[in-house]
Amino acid sequence: MVGVKGVGGIPEPTPDRPANVRDRKREEVNSAPAREDGVRISSAAQEAASSARLAKIAREGDGIRADRVAAAKERIERGDFRLPEVVAEVARRLSKYLP
């Protein structure tokens with residue numbers, strides 16, 4: 001039987017690696033564990049975001065009652081907040097907003 005040894009005297013190209021080695025390499029690439037991207041937000045950035053959110057809420061002013069603010073200003077001018085029991089109560093109430 002006569003076989004073809006190429007076209008026009010040019011031999012058939014041969015692969016650099018045998019087929020079983022090429023296929024094994026493809027399987028290794030396909031079965032590699034998937035990498036996941038992630039983001040870490042520093043505590044300083046989290047605090048800055050929280051501060052910005054609270055500042056935005058304060059600027060919007062939806063929850064501010066002008067009559068209560070005026071009454072509080074009047075009591076401050078009278079000196080009502082200088083009493084030790086009032087200072088202690090204000091400190092207690094404010095402390096729940098601090099970290």
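Where does the stretch 45-99 land on Rg/Rh, using Cα atoms and the Kirkwood Rh?
1.08
Taking the Cβ of residue 89 as the centre, find all other residues whose Cβ is under 15 Å away and add up their charges (Lys, Arg: +1; Asp, Glu: -1). Write out the running numbers ahead of the final one.
Details: positive: 75, 82, 92, 93, 96; negative: 80, 85.
With Lys, Arg at +1 and Asp, Glu at -1, the neighbours total +3.
Here, each number is a calculation from the coordinates, and none is a lab measurement. On a predicted model such as this, the values are computed, not experimentally measured, just so you know. All Cβ positions, glycine included, derive from the backbone under ideal geometry; neighbour counts span all protein chains shown.
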